[in-house]
Every structure is written in C-alpha cells, then in structure tokens.
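Participant: Sharing a structure with you now.
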Amino acid sequence: METEMVKKEQQATAAQREYIEILGDTVVPVRILSAIVISICLSIGGYFLGKSIFPKIAEAKMVGSYSLLLGIAGSVIGLIICANLFKPSRILTEEETSTEGLEEVLLSMQVDPGAEYDLIKDDPVTKKEMEELGILETFKRSGGRA
C-alpha cells in the first residue's frame, strides 16, 4: 500500500517536471525547443536561399524583399510542420457543475461565493452573461448558502 502511494507521488512529481508554462500555456520543453529550432532553421534558411537565388532572376533592389518573403514562407512552412508534429497532449473533460461542485471550485480558488454573488447581482452586464450561459441560478444557490 505504501509503495503504491510512493509510486503515485513519484509519477505526479515526474509529470509536474515534464511541463513548463510559457505565456500562460503549459508545454513540454523538448517539444517547444524542437518547434523553435525547426521554425528558425526554415525561416533563416528561406531568407538565405532567397539571397542566393534572387540575384540571378530579379532586379538587385528587389532581392532583399523577395528574400524576406521566402523567409516568411519558411516560417509558415515551419508552423505547418510543427502543428502536425506536436499535437496538443492535454485532455479536457467537461462535467456538469452542481452547486456543491461550484462551491468547491470557488473555495479552492479562495473566493467567497456569497461575496461573488453580491458582486454579480450588482453588475447587470455580468449578470446577463451568466444568465445567457445558464449558470446564474447555480451561482445564486451557491452564493446564497455562504
């Protein structure tokens, strides 16, 4: 029993180390570094390829512009390649929210449901949005208990 708990803790710790947060998104470091390297190589490769090809077929004043366009095309190709190589690995599951579940979520976020409901009922825009989403009644019941 104790060894199973230790294994679960080790797996949880390993899973936490596997991801990093960049610009509000959680990513696998190896994948993001690979995507950066692929994008840089294709972008700069496209630019320098244009610098070597376009002097032979275009006017001298347009070589820089055409080369830049080829570098941008390399960026787009890199984007397509990375999007196909590195699919999102997160799994989102949706569950119907109950009043108790909403309370648990709010309390885990250290939010007082009663105070939140007081703020919502005084703000007509937020109140309308929550009515449209169909969660105002759930929120009202949760806030009314606190």
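Participant: Calculate the translational D of the stretch 103-146 in whole µm² s⁻¹ from Stokes-Einstein, where the hydrodynamic radius comes from the Kirkwood formula applied to all Cα pairs, the temperature is 25 °C and the viscosity 0.890 mPa s.
Facilitator: For the chosen part, D equals 238 µm²/s.
Participant: Moving on. Loop-only GluC sites (Glu not before Pro) in the stretch 77-108, please: DSSP not H, G, I, E or B, and at most 11 other Cβ atoms within 10 Å.
Facilitator: In loop regions of the stretch 77-108 (DSSP not H, G, I, E or B), the sparsely surrounded GluC sites (Glu not before Pro) are 94, 95, 96.
Participant: What does the accessible area of residue 125 come to, in Å² to the nearest 10, when a probe of 1.4 Å is used?
Facilitator: Here the accessible area works out near 90 Å².
Participant: Turning to a different aspect of this structure: Please grab the % of Cα pairs in the stretch 34-146 that end up more than 24 Å from each other.
Facilitator: The calculated P(r) of the stretch 34-146 puts 57 percent of pairs beyond 24 Å.
Participant: Check the straight Cα-Cα distances from residue 87 and name the aspartates and glutamates below 19 Å, setting aside those fewer than 8 residues away within the same chain.
Facilitator: Partners within reach: 18, 21, 25.
Participant: What is the distance in Å between the Cα centres of the stretch 79-146 and the stretch 14-66?
Facilitator: The stretch 79-146 and the stretch 14-66 have Cα centres separated by 38 Å.
Participant: When ranked by the protection proxy of mean other Cβ atoms within 10 Å per residue, highest first, what sequence do the peptides 61-70, 127-136, 38-47 form?
Facilitator: For the peptides 61-70, 127-136, 38-47, the packing ranking is 38-47, 61-70, 127-136.
The values are calculated or read from the model by the stated rules, or taken from the named source; none is laboratory data. Model, not experiment: these values are computed from the prediction. Positions of Cβ are backbone-derived with ideal geometry, glycine not excepted, and every protein chain shown enters the neighbour counts. Note: areas computed on protein heavy atoms with side chains; ligands, DNA, RNA excluded. Shrake-Rupley method; radii C 1.70, N 1.55, O 1.52, S 1.80 Å.
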